[in-house]
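For reference, the structure is listed below as structure tokens.
Laboratory data are not the source of any read-out in this text; all were calculated from the coordinates shown. Just so it is clear, the structure is predicted and the values come from calculations on it, not from any experiment. Every residue, glycine as well, gets a Cβ built from its backbone with ideal geometry; the counts of neighbours run over all protein chains shown.
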């Protein structure tokens, strides 16, 4: 029997000391709980092992994709037939005064808890942002006007050719829900952040608890979802509606609700009747169900408002991430 390049890659990674398995379900590794398998799934433990994954994949001409906590992705029903590099084992953190260094696989919420215990302020508003630090840097995740990019001082990543590089924040593009990593095959493995020292730990804990309670009340958290499906509306396009109805018109959910799609269900996927920019997996939803809802919302908002909705969620299929 002929062994395909992805299976051969999995075997070579194991021989190189990297944990890797073939044909592994990806749905459990995402917050949406949707999607088919990976041809191979690797769990590197450090930056060098990530570089090993990339170099061996390149040598065998096997495409690859990184996956953090899977909080902003929708994996196609057929899955991804190549190599997925899961970074969640890069979950260390080290505090050096007001400078914090951590692995790209560490959860943002876990990092927020860790720095608060050291009396470091700055992450309170983003303490409940789902996903990994590396994934958060990749898309410059944020909440309530604060983004990870605001706090980052340095990033280490593995380039598509396997080279490991470290650059200061000033050398890295950061914008609303995008960065110099967005749309690339660069894998963020280490991040340094500068925070504010000397804060009261009890006060920080109370602020973060308030943020988490507010999020729990506002968003449909009990059902699997990917967070916001669409990005914030372009301010110029939203201006007439903001003047009429206030700042809520910057939200994609405002328009989805206005076209009557709040609560709309296709298959086992539903646009939340609590927050229209959250699409839910009610149990057994397929990627096709979710994509149909995305297309429906995009089309109806365009036709009725002349406004283009831009997805925030990353779709992963056989062709890659887009």
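Structural size metrics of segment 170-322, computed from C-alpha coordinates, are Rg and Dmax of 18.1, 52 Å.
Annotation for residue 184 and residue 201: the two label points, set 7 Å from Cα along the Cα-Cβ direction, are 3.8 nm apart. What fraction, in whole percent, of alpha-carbon pairs in segment 33-179 exceed 20 Å separation? Result: 50 percent of Cα pairs exceed 20 Å. When its C-alpha radius of gyration is set against 2.2 N^0.38 Å (N residues), segment 144-198 gives a value of 1.19. Classified by the C-alpha gyration tensor, segment 160-225 has an oblate form. Its axis ratio a/c, with a ≥ b ≥ c, is 1.5 or above, and a/b does not exceed b/c. Within the chain, the percentage of alpha carbon pairs spaced more than 37 angstrom apart rounds to 18%.
Using the number of other C-beta atoms within 10 angstrom as an exposure proxy, rank 167, 177, 186 with the fewest first. Ascending Cβ contact count within 10 Å gives the list 167, 177, 186. According to the Cα-based calculation, Rg over Rh for segment 93-204 is 0.96, with Rh computed by the Kirkwood formula. The separation of segment 14-48 from segment 210-267, counted between C-alpha centres, amounts to 32 Å.
Packing order of peptides 132-141, 106-115, highest average first: 132-141, 106-115 (average count of other Cβ atoms within 10 Å over each peptide's residues).
Counted by neighbouring Cβ atoms within 10 Å, the residues 181, 305 run from fewest to most as 305, 181.
Report the residue, chosen from 29, 221, 309, that carries the largest GNM mean-square fluctuation when the chain is represented by alpha-carbon nodes joined by springs under 10 Å. Highest fluctuation among the options: 221. Model label points for residue 322 and residue 250, set 7 angstrom from Cα along the Cα-to-Cβ axis, are 3.1 nm apart.
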